[in-house]
Structure formats: C-alpha cells, structure tokens
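Colleague: Below: one structure in structure tokens.
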Amino acid sequence: MSFPPGLTLYRAATRALGGLAGPALTRRARAGKEDKARLGERLGRAGQPRPAGPLVWIHAASVGESLVALTLAEALQARRPGLGVLITSGTRTSARLIGERARPGLLHQFPPVDRIDAVERFLDHWQPDLAVFTESELWPNLILETARRGTPMALVNARMNERSLQSWRRWPDTARWLLSCFDWIGPADLRTAQGLSALLGTPLEPVGNLKLDAGFTPPDADALDCVRRTVGARPVWVAASTHEGEDEILLAAHAEILRQTPDALLILAPRHPERGPAIRELIGRTGLTAARRSGGETPSPDTAVWLTDTLGEMALWFTAAPVAFIAGSLLPGIGGHNPLEATRAGAQVVTGPHTASFDDVFAAYREAGAVETAGTPERIARAIEQAWTRGDEARAAGEAALAALAGQSLDVTLGALLPLLAEESD
C-alpha cells in the first residue's frame with residue numbers, strides 16, 4: 001500500500017524510534033502520569049480477556065471524552081442487549097472514572113502507544129466489530145491498522161479548534177487519507193464540519209456536541225452534606241481543572257477577594273491531582289493557609305484554600321460552590337475546558353480569555369449572559385464577587401445557555417453507528 005509522504009515518514013519514524021516507548025513509559029510512571037501496574041496495556045498487551053460476542057471499541061482521550069464514551073456505551077447497550085463495549089482512554093483520571101462505572105459488558109484499557117507492533121497486539125486480542133474514535137484522537141497507526149483489518153470505523157463528536165485544523169492543512173494528503181478511513185464522521189460544531197469537509201473533499205454537516213447528552217451525575221449525598229457542613233455559610237468558589245501556571249493567578253485573585261471578604265474560601269481543584277504537592281508548596285509561599293484533601297485535611301474557619309487534589313470529585317465541588325472558574329483558559333495553548341457540568345450542577349461560570357477548544361459552547365453562554373470572562377487576578381476577583389450576588393438571575397442564564405445548546409446529537413450518532421455494527425456482527 002502506497003501512503004502519502006507524511007504518513008510514510010510517520011510510520012518509518014515510529015518504527016525507528018519504537019524502542020524508546022518502554023523507557024518513556026517507565027519515566028512517566030515514576031512521575032505519576034502512567035499506571036505502573038498497567039504499563040503492558042500501553043504496549044498492546046491486554047489486561048483482560050475479550051468478552052464473547054460482538055464488541056464495540058470506543059477510543060477516548062481524557063475525562064471529558066470518557067464521559068461521552070460512557071454515555072455512548074450505555075445508549076448502544078440499551079439498543080443492543082448483550083453488546084460488549086471496550087473503552088480506551090489515556091489518563092489515570094479517566095481510567096478511574098470509567099472503572100467506577102464498570103458493569104458487566106463494559107471494560108476499560110489504556111490504549112497502545114502509536115507503534116505498529118503495539119497496535120497490532122491490541123487489535124489481535126480485542127478484534128473489535130466496530131471502532132469509534134472521539135473528538136480529535138487521530139493516531140495514524142491506530143487508524144490505519146484498524147482500517148486495514150476491515151473494521152467499520154466512526155469518528156464521533158469530532159471537534160477541532162482552528163490551530164488543529166491549521167496543523168492538518170499543512171499535510172492535506174495525510175489528513176485526507178486518515179479521514180477517508182472512517183465510514184462515518186459526526187462533527188460536533190460548524191467550524192469542525194467546514195474544516196473537515198475541506199480536508200476530506202466531502203461535505204459534512206454538524207451533528208452537535210455529544211457532551212450535551214452526557215448528563216450530570218449528582219455527587220454522593222452524604223459527601224455533599226459533609227462538604228456543606230465544613231464550608232458552612234462562608235462565601236466559596238471553585239477553581240476547576242487548573243493547569244501549571246494558572247494556580248499563581250488564581251491564588252492572587254483569592255488574595256484580592258480576601259481583602260474585601262476575609263472569610264472567603266477557594267476550592268482549588270487541579271486538572272492533574274499529582275501536582276498536589278507542588279501546589280501546596282506554592283500556596284505556602286503566598287502566605288495563604290491551606291488544607292489538602294488528599295492528605296485527609298479538613299478546612300478550619302481560618303483556612304483560605306482547600307486544595308482538592310483528588311480524582312472524580314468535580315461534581316461535588318461544582319454542587320457545593322455557587323461560582324466556578326473554569327480553568328485551562330488563562331494561558332494560551334490549552335483552549336479551556338467544558339463548562340457544562342458546572343452549569344448543570346447550578347454553579348455560575350467564570351472563565352479566562354483562552355477558550356478556543358470550546359468557543360461554540362462559550363458563544364452560547366455569552367449570548368445568554370451565562371459567563372464572565374476575566375484574565376487577571378483583579379478582574380477574576382471582581383467577577384467572583386459579582387457572581388456571588390446574582391443568584392436566580394445567573395441560574396436562569398445558565399439554563400438558557402443549556403437550552404440553546406441542546407440538540408439531538410446522541411440520536412443522530414446512534415442512527416449512524418448501529419448500521420455499521422449490524423453489517424459486521426449480525
């Protein structure tokens with residue numbers, strides 16, 4: 001098979017450098033970024049037996065995509081009783097999330113690194129009847145080897161920001177080749193539909209964002225009651241999914257707030273909990289008092305920051321705090337995070353200026369008056385303080401934003417996937 005030059009170069013490079021994967025994974029495990037006990041899965045060695053019968057494989061990246069994968073898995077299994085679903089995701093946080101929701105017929109594995117032999121081992125074992133890739137998880141060898149076996153393939157909730165589309169435009173033949181491997185592509189928004197249509201040379205229509213159908217799972221009632229008793233009547237806000245370089249800005253914003261509201265509490269929830277020790281040290285350097293949840297510490301009335309460096313508790317913080325700052329948005333390069341869970345939990349949303357990865361969602365939020373944008377400590381502080389006073393007005397704005405974004409994306413996606421599965425497994 002003759003590949004475009006870009007793919008030929010990529011496959012040659014992954015063969016030549018493939019031996020570096022093992023040491024790199026070991027280093028990542030030491031840094032807490034990989035599950036040491038499951039490193040074999042990243043080399044294509046299965047950690048579980050394949051279930052009998054038809055199997056759908058859904059490949060996700062991290063937590064947000066995993067929520068979509070779980071929603072899709074539940075819907076597929078409701079339509080096709082006895083269907084097995086394998087979800088692969090690349091982060092420890094997402095693995096734990098999926099593991100907590102495991103049930104018969106639903107499995108999780110870490111995906112193989114994009115090395116041909118690792119991908120082949122993975123596919124030899126799992127032999128999926130349908131492969132579903134989510135958003136922008138386009139690993140060339142994974143896609144090419146799956147397509148080579150004749151497995152039906154779909155790209156669901158396809159989402160690409162302008163920077164990603166520009167990257168693909170530099171390699172148009174490679175992009176067209178990879179996209180042509182998919183039997184169905186469901187763009188999440190108009191920009192992605194137009195961008196992929198231009199790359200593929202085939203018109204695509206936006207289906208809508210599946211994250212809108214992911215729903216909201218309320219936190220454990222006892223845990224929520226405990227948090228509310230701990231916080232009491234204090235003004236509280238949560239900085240959700242913070243990244244390195246953002247914590248300093250948000251801590252400075254909280255210091256500003258404390259000048260006017262001395263009993264205010266910041267719940268600081270990092271995107272990657274393994275950064276907890278470094279953040280605790282940073283808080284100490286600011287002179288603010290802190291309690292670290294992963295260490296079993298509980299805030300006292302004098303605690304300024306509650307560092308919640310734990311997994312799977314974001315719904316708890318969104319429900320407990322009336323205002324949520326959605327991070328990943330203060331520095332270029334990340335593109336923001338999804339505000340939908342915060343809104344569904346009843347929290348008002350504040351975010352930074354860099355939200356390109358979710359600009360369609362935030363456009364609807366701005367139209368409804370459901371978000372404030374602030375990028376400096378002073379402006380963040382003022383936005384948080386103003387949000388505390390809005391109450392019912394803010395909740396109505398959030399509901400309006402959700403209503404504007406609502407669609408039929410899940411039904412459309414299922415309508416496309418089920419025939420692909422039937423062709424292969426009936």
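The values are calculated or read from the model by the stated rules, or taken from the named source; none is laboratory data. Bear in mind the structure is a predicted one, so any value in this text is a computation, not a measurement. Glycine also receives a Cβ, built like all others from the backbone with ideal geometry; neighbour counts cover every protein chain displayed.
Okay, residues lined up against (1) without any contact (Cβ under 8 Å) to a residue 12 or more places away in the chain; (2) at negative phi; (3) surrounded by 12 or more Cβ atoms within 10 Å (Cβ to Cβ); (4) in contact with a Ser or Thr (Cβ under 7 Å, 6 or more places away or on another chain):
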position: P4; (1), (2), (3), (4): no, yes, yes, yes
position: A16; (1), (2), (3), (4): yes, yes, no, no
position: A21; (1), (2), (3), (4): no, yes, yes, no
position: R30; (1), (2), (3), (4): yes, yes, no, no
position: G44; (1), (2), (3), (4): no, no, yes, no
position: G47; (1), (2), (3), (4): no, yes, yes, no
position: V56; (1), (2), (3), (4): no, yes, yes, no
position: S62; (1), (2), (3), (4): no, yes, yes, yes
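Colleague: From the list T8, T88, which residue is under 30 Å from P172 (Cβ atoms), modelled with pLDDT of 90 or more, surrounded by 13 or more Cβ atoms within 10 Å (Cβ to Cβ) and of a type in the set (V, I, T)?
Modeller: Working: T8 fails: surrounded by 13 or more Cβ atoms within 10 Å (Cβ to Cβ).
Among T8, T88, only T88 is under 30 Å from P172 (Cβ atoms), modelled with pLDDT of 90 or more, surrounded by 13 or more Cβ atoms within 10 Å (Cβ to Cβ) and of a type in the set (V, I, T).
Colleague: Something else about it: Can you run down the residue pairs with Cβ atoms below 8 Å, 6 or more apart or on separate chains, where the first is in region 383-395 and free of Cβ contacts under 8 Å to residues at least 60 places away in the same chain and the partner is assigned to a helix (DSSP H, G or I)?
Modeller: As it stands, the answer is A394/A387, since those pairs meet every condition given.
Colleague: Just to be sure I understand the filter: pairs with C-beta atoms under 6 Å, separated by 6 or more residues or on different chains, first member in region 110-132 and more than 26 Å from A12 (Cβ to Cβ) and in contact (Cβ under 8 Å) with a residue 12 or more places away in the chain, second member in a helix (DSSP H, G or I) and of a type in the set (D, E). Which pairs pass?
Modeller: As it stands, the answer is D129/E424, since those pairs meet every condition given.
Colleague: Identify, by number, the condition in (1) assigned to a loop (DSSP other than H, G, I, E, B); (2) more than 20 Å from V236 (Cβ to Cβ) that T389 doesn't meet.
Modeller: Condition not satisfied by T389: (2).
Colleague: With respect to the numbered conditions (1) farther than 15 Å from L7 by Cβ; (2) charged (D, E, K, R); (3) at pLDDT 95 or above, which one is the sole condition not fulfilled by R169?
Modeller: Answer for R169: the failing condition is (3).
Colleague: Would you kindly identify the helices (runs of 4 or more DSSP H) lying entirely within region 1-106 that contain at least 2 residues that are more than 30 Å from G215 (Cα to Cα) and either within 18 Å of the chain's Cα centre (by Cα) or of a type in the set (G, A, S) (or both)? Spell out the reasoning first.
Modeller: Details: elements: 5-16, 21-30, 39-42, 63-79, 92-100.
Those helices (runs of 4 or more DSSP H) span 5-16, 21-30.
Colleague: Also: Of L311, L331, L316, which residue is at pLDDT 95 or above and in contact with a Leu (Cβ under 8 Å, 6 or more places away or on another chain)?
Modeller: Only one candidate passes the filter, namely L316.
Colleague: Follow-up question, since we're still on this one. With the checklist (1) without any contact (Cβ under 8 Å) to a residue 24 or more places away in the chain; (2) of a type in the set (G, A, S); (3) farther than 25 Å from R101 by Cα in hand, flag the one item G245 doesn't pass.
Modeller: (1)
Colleague: Out of all the residues in region 168-178, is one or more under 20 Å from the mean Cα position of the chain (by Cα) and small (G, A, S)?
Modeller: Looking through region 168-178, none of the residues is under 20 Å from the mean Cα position of the chain (by Cα) and small (G, A, S).
Colleague: Among the residues of region 324-336, how many are in contact with a Phe, Trp or Tyr (Cβ under 7 Å, 6 or more places away or on another chain) and buried (at least 24 other Cβ atoms within 10 Å of the Cβ)?
Modeller: Residues that pass the stated criteria total 2.
Colleague: Here is a follow-up. Give A154, A239 a once-over and let me know the one that is assigned by TED's automatic domain parsing to the domain that holds G398, buried (at least 20 other Cβ atoms within 10 Å of the Cβ), touching a strand residue (DSSP E or B) at 6+ places or on another chain (Cβ under 8 Å) and not in a helix (DSSP H, G or I). Step through it out loud before you land on a result.
Modeller: Working: A154 fails: assigned by TED's automatic domain parsing to the domain that holds G398.
That would be A239, the only listed residue that is assigned by TED's automatic domain parsing to the domain that holds G398, buried (at least 20 other Cβ atoms within 10 Å of the Cβ), touching a strand residue (DSSP E or B) at 6+ places or on another chain (Cβ under 8 Å) and not in a helix (DSSP H, G or I).
Colleague: Determine which member of the set R159, R101, R148 is of a type outside the set (S, T, N, Q), closer than 26 Å to S197 by Cβ and surrounded by fewer than 18 Cβ atoms within 10 Å (Cβ to Cβ).
Modeller: Going through R159, R101, R148 in turn, the sole match is R148.
Colleague: Same structure again: Taking E378, is it modelled with pLDDT under 95, in a helix (DSSP H, G or I) and not assigned by TED's automatic domain parsing to the domain that holds T91?
Modeller: Working: modelled with pLDDT under 95: no; in a helix (DSSP H, G or I): yes; not assigned by TED's automatic domain parsing to the domain that holds T91: yes.
No; evaluated as a whole, the condition is false for this residue.
Colleague: From the list G195, G186, G201, G245, which residue is under 23 Å from the mean Cα position of the chain (by Cα) and surrounded by fewer than 15 Cβ atoms within 10 Å (Cβ to Cβ)?
Modeller: G245 is the lone residue from the list that is under 23 Å from the mean Cα position of the chain (by Cα) and surrounded by fewer than 15 Cβ atoms within 10 Å (Cβ to Cβ).
Colleague: Report, by residue number, each residue of region 170-181 that is under 14 Å from S136 (Cα atoms) and surrounded by fewer than 22 Cβ atoms within 10 Å (Cβ to Cβ). If you could, list the steps in order and put the result at the bottom.
Modeller: Our first condition is that a residue be under 14 Å from S136 (Cα atoms); within region 170-181, this holds for 175, 178-179.
Matches in region 170-181: L179 only.
Colleague: From the set of residues in region 292-326 that are among the small types (G, A, S) and free of Cβ contacts under 8 Å to residues at least 12 places away in the same chain, which is nearest to E274 (Cα to Cα)?
Modeller: Across region 292-326, the extreme among qualifying residues is G295.
Colleague: Any idea how many residues of region 337-390 are crowded, with 23+ Cβ neighbours inside 10 Å, out of contact with any strand residue (DSSP E or B) (no Cβ under 9 Å at 6 or more places or on another chain) and of a type in the set (S, T, N, Q)?
Modeller: Selection size over region 337-390: 1.
Colleague: Okay, moving on. Does E145 satisfy the criteria of being acidic (D, E), touching a residue at least 60 places away in the same chain (Cβ under 8 Å) and touching a helix residue (DSSP H, G or I) at 6+ places or on another chain (Cβ under 9 Å)?
Modeller: no
Colleague: While we're here: What pairs come out if I take residues in region 180-203 that are acidic (D, E) and pair them with residues that are in a strand (DSSP E or B) whose C-beta lies under 7 Å away, six or more apart or interchain?
Modeller: D183/M153; D183/A154
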